[in-house]
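To keep things clear, I will list the structure first and then write my remarks on it.
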Amino acid sequence: MGKKTPRSKGKPKSRTPPPAPPETETETRNWLDLPRDVTVSILSRLRAIDVLESAQKVCMVWRNICKDPLIWRTVDMSNGDCDFGAYDLDKMRRHAVDRSCGNLVDINNEHNCTDDLLKYITDRYFFFRICISPT
């Protein structure tokens, strides 16, 4: 058997805490390092108003990507949590249609799609299919 060590009486020895782990640097990633096709895929999932009013204003690279007709194959003008009162929606819709450069395949217009807009679209896209859901 091992030798017993006597316990010291009086103040207990203070334990020093173990050293703190070295601070880990938060790794930041630059969105500009993403491949162009990945950025196009991400931005194409945004609503049209978000692309026109926000995403294209981030930087010149994103602005150029936001002009890519592939972004505008599907145009979503749904409300979400946005107050559209401050925007000229008809002008934005026409702008989105123009940016699609003939690639538009779907447009979601929850807010008063006018006959003028439908004519604008059909004048530019002979093969465009329009489905109007009852309100």
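Derivation of every value follows stated rules applied to the coordinates shown; laboratory data play no part. Because the structure is predicted, anything quoted here is derived from the model rather than measured. Heads up, the Cβs are rebuilt from the backbone with ideal geometry, glycines too, and the neighbour counts pull from every protein chain shown.
Most exposed first by the Cβ proxy, i.e. fewest other Cβ within 10 Å, how do CYS59, CYS113 rank?
The most exposed by this proxy come first: CYS59, CYS113.
So if R0 is 25 Å, what FRET efficiency would LEU46 and ASP115 give, r being the distance between their Cβ atoms, rounded to the nearest 0.05?
0.35
What do you get for Rg/Rh over the stretch 33-124 if you use C-alpha atoms and the Kirkwood form of Rh?
My calculation puts Rg/Rh at 0.96.
For the residues ILE107, ILE42, ILE121, what sequence is obtained by ranking on other C-beta atoms within 10 Å, fewest first?
Lowest to highest Cβ neighbour count: ILE42, ILE121, ILE107.
Spin-label point model (7 Å from Cα, Cβ direction): what's the HIS95 to ALA20 distance in nm?
Between HIS95 and ALA20, the label points sit 4.8 nm apart.
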